[in-house]
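Undergrad: Once you've had a glance at the structure underneath, I'll fire off some questions.
Any read-out appearing in this document is the output of simple, stated calculations on the displayed coordinates, not a laboratory observation. Model, not experiment: these values are computed from the prediction. Using ideal geometry, Cβ is built from the backbone for each residue, glycine included, and neighbour counts are taken over all protein chains shown.
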Amino acid sequence: MEDKIGDGKAEGIVGAPRSRSAVKCETDEMKDRIIVALDLEDRVSAIEMARTLVGTAGWVKVGMTLFYAEGPSIVRDLRALGFKVFVDLKLHDIPHQVEGACRMLTRAGADMLTVHAFGGRAMLETAMKATASAARKFGTVPPKVVAVTVLTSLDDAALKAMGVERSAAEQVIMLAGLARDAGCDGIVCSPNEAAVAREALGPDAFVVTPGVRPAGDAVGDQARTATPADAIAAGASHLVIGRPITGAPDPAAAAKVIRKELQS
């Protein structure tokens, strides 16, 4: 059958109106690329905030403050609302301790978790093995394991003061290679290094970028930042955004503005 392209309305033709399904796919994709950081101090506040974001964001992040306050149950509670949960504890310890932590986070239902790349290859490999074996044991899907490279609060001067002579970008590249060789699913880096990370890791790796701020927003304690659109254009797969959404008078509306920016 010949395609009817003469009227310019055939789906897929440049300049033709997009179908509703195409628009919905774009919207769902952008929703899945935003991770809202629930940097709150208790379950009640976190669940209240999460409920305002149902249908607007696909992921939420549980960091140290909330996890230490509420424990693994907060992961299950947030998943029950329909979210994917990124547990950001930045595990950095001897392989035996990281193995146990990864096993328990897998059991809790984490969809993604962080380890520090600077913990070394043996620790990273142990994390990968622990999540895979725990998933088999508990009958679930193993969480994505992403390695933290250089915190977004650090710049070149701060690294030098810590004895690291490489620039932040050079350090990210080195640690990204280490994480890749250990089998990790991706890395965490600032938006400034997203392009070099994407080049080093290939098209399928997770490149998770905190330090994302809409144009005009205060950068707070972040030293290396970018706008959401710039971070995605550079190669980020997921954006971690906290205060610009959770601190807004209408968090859902703020998230929708960011999604619209990403779709434009």
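Undergrad: List nothing, just return the count: lysine pairs in segment 32-263, 8 or more apart or interchain, with Cα separation under 26 Å.
TA: 19
Undergrad: For a quick check: with amide H placed at 1.01 Å from N, whose amide H comes under 5 Å from ALA37's, ignoring anything fewer than 5 positions away on the same chain?
TA: Amide H to amide H, under 5 Å and 5 or more residues apart or across chains, ALA37 pairs with LYS61, ILE241, GLY242.
Undergrad: A further question on this structure: From the phi of every residue in segment 201-207, what ³J(HN,Hα) in whole Hz does the Karplus formula 6.51 cos²θ - 1.76 cosθ + 1.60 yield, where θ is phi - 60° and glycine or proline is x?
TA: The phi angles translate into 9, x, x, 9, 6, 6, 10 Hz.
Undergrad: Another question about this same structure. Would you please give the residues with an amide H less than 5 Å from that of ALA182, counting only those at least 5 places away or on a separate chain, with H modeled from the backbone geometry?
TA: none
Undergrad: Report, in debye and to the nearest 20, how large the dipole of segment 32-263 comes out about its Cα centre when Lys and Arg carry +1 and Asp and Glu carry -1 on their Cβ.
TA: Values: 25 positive and 26 negative charges, 141 e Å.
About 680 debye.
Undergrad: In addition: When you count, for each residue, the other Cβ atoms within 10 Å and take the mean per peptide, how do 98-106, 189-197, 163-171, 112-120 rank with the highest first? Present the calculation step by step, with values, prior to reporting the outcome.
TA: Working: 98-106: 20.4, 189-197: 25.7, 163-171: 15.8, 112-120: 22.6.
Peptide ranking by packing, descending: 189-197, 112-120, 98-106, 163-171.
Undergrad: Right, something else. Quick one: what are the phi-derived ³J(HN,Hα) couplings along segment 30-35, Karplus 6.51/-1.76/1.60 with θ = phi - 60°, whole Hz, x for glycine and proline?
TA: My calculation for segment 30-35 gives 5, 4, 7, 9, 9, 10 Hz in order.
Undergrad: Scale the Cα Rg of segment 32-263 by the rule-of-thumb value 2.2 N^0.38 Å and send over the ratio, two decimals.
TA: Numbers: Rg = 16.8 Å, N = 232, 2.2 N^0.38 = 17.4 Å.
Ratio of Rg to 2.2 N^0.38 Å for segment 32-263: 0.96.
Undergrad: May I have the extent of the alpha carbons of segment 64-193 along their three principal axes, as whole Å values ordered from largest to smallest?
TA: Here the Cα extents, ordered largest to smallest, are 44, 26, 22 Å.
Undergrad: Which value in nm describes the separation of the simple spin-label points at ARG166 and VAL141, placed 7 Å from the Cα toward the beta carbon?
TA: 3.2 nm
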